[in-house]
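First comes the structure, then the notes that go with it.
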Amino acid sequence: SGKEAEYKTFFLDEYQVSIVNEMGKGHRVLLANPGAGKSVLLLSRAFKYSSLFKESNVLLTCYNNNLADSYKFKHECAGYKNKNLFIMTFHKLVKKIYDECLYTPIKTIEDSDIKFCIEKIKQGAVKIKFKAIFIDEVQIFDPMYLELCYLLLDKKDDSSFLMTGDLN
């Protein structure tokens, strides 16, 4: 029926709920061993932020398609209805920027395309902004990828930039 997966996927213990609720505002880095529950906390925090700021965009990004698909599946299973939560890989984010802001279709993404995107964001040519950006598996991200994401963050006091990754 899928209820077993849904229960197992979304069950948070009291400690995890307290982490999600008491994390506070601002920017955070959460590092822990693989399997410690970082992704569950990240998704829960993204749900919370997109519920609190329904008029603002929230981004949940990662490096690989399997993890992004897992997040999308959990999003669907949860019955979460807010349309302001965007879940995508980093490269799909770059493609979205090219398609919707720079009006230039792009098939493959090279480092030069990301650098160009960063320059266009700095020049104000990219109008996409996010109230919160959540990055999973940050240890895989090139510093240039993090720069691009951070430039897309709305720079108000209640914005959040949260990165999770493995200790190693």
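Residue-wise test of (1) buried (at least 20 other Cβ atoms within 10 Å of the Cβ); (2) more than 19 Å from Glu147 (Cα to Cα).
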position	(1), (2)
Tyr49	yes, yes
Glu55	no, yes
Thr61	yes, no
Asn65	no, yes
His75	no, yes
Lys81	no, yes
Phe86	no, no
Leu102	no, no
Thr108	no, yes
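For region 142-168, which residues satisfy the criterion of being among the hydroxyl-bearing types (Ser, Thr, Tyr), farther than 23 Å from Tyr98 by Cβ and surrounded by fewer than 21 Cβ atoms within 10 Å (Cβ to Cβ)?
Just the residues of region 142-168 that are among the hydroxyl-bearing types (Ser, Thr, Tyr), to begin with: 145, 150, 159-160, 164.
Pick out the ones that are also farther than 23 Å from Tyr98 by Cβ and you get 159-160, 164.
Once the filter is applied, which keeps residues that are among the hydroxyl-bearing types (Ser, Thr, Tyr), farther than 23 Å from Tyr98 by Cβ and surrounded by fewer than 21 Cβ atoms within 10 Å (Cβ to Cβ), region 142-168 yields only Ser159.
Please determine, by comparing only the residues of region 110-141 that are without any contact (Cβ under 8 Å) to a residue 24 or more places away in the chain and charged (D, E, K, R), which one is surrounded by the fewest Cβ atoms within 10 Å (Cβ to Cβ). Outline the logic, then answer.
Quick first cut of region 110-141, residues without any contact (Cβ under 8 Å) to a residue 24 or more places away in the chain only: 110, 112-113, 116, 119-120, 123-124.
If we keep only those that are charged (D, E, K, R) as well, we get 110, 113, 119-120.
Numbers: Glu110: 9, Asp113: 18, Glu119: 11, Lys120: 17.
Among those that are without any contact (Cβ under 8 Å) to a residue 24 or more places away in the chain and charged (D, E, K, R), it is Glu110.
Out of Phe116, Phe141, report the one residue that is among the hydrophobic types (A, V, I, L, M, F, W, C) and touching a strand residue (DSSP E or B) at 6+ places or on another chain (Cβ under 7 Å).
Values: Phe116 fails: touching a strand residue (DSSP E or B) at 6+ places or on another chain (Cβ under 7 Å).
Criteria check complete, one pass: Phe141.
Taking region 1-33 on its own, how many of its residues are in a helix (DSSP H, G or I), exposed (fewer than 11 other Cβ atoms within 10 Å of the Cβ) and modelled with pLDDT under 70?
We begin by selecting, within region 1-33, every residue in a helix (DSSP H, G or I); these are 3-10, 14-22.
So of that shortlist, the ones also exposed (fewer than 11 other Cβ atoms within 10 Å of the Cβ) come out as 3-4, 7-8, 14-15, 22.
In the following step, the residues that additionally are modelled with pLDDT under 70 were identified as 3-4, 7-8.
Residues in region 1-33 being in a helix (DSSP H, G or I), exposed (fewer than 11 other Cβ atoms within 10 Å of the Cβ) and modelled with pLDDT under 70: 4 in total.
The values are calculated or read from the model by the stated rules, or taken from the named source; none is laboratory data. Note that the coordinates shown come from a computational prediction; the quantities given were computed from them, not determined experimentally. Quick reminder, even Gly has a Cβ in these numbers, built from the backbone with ideal geometry, and neighbours come from all protein chains shown.
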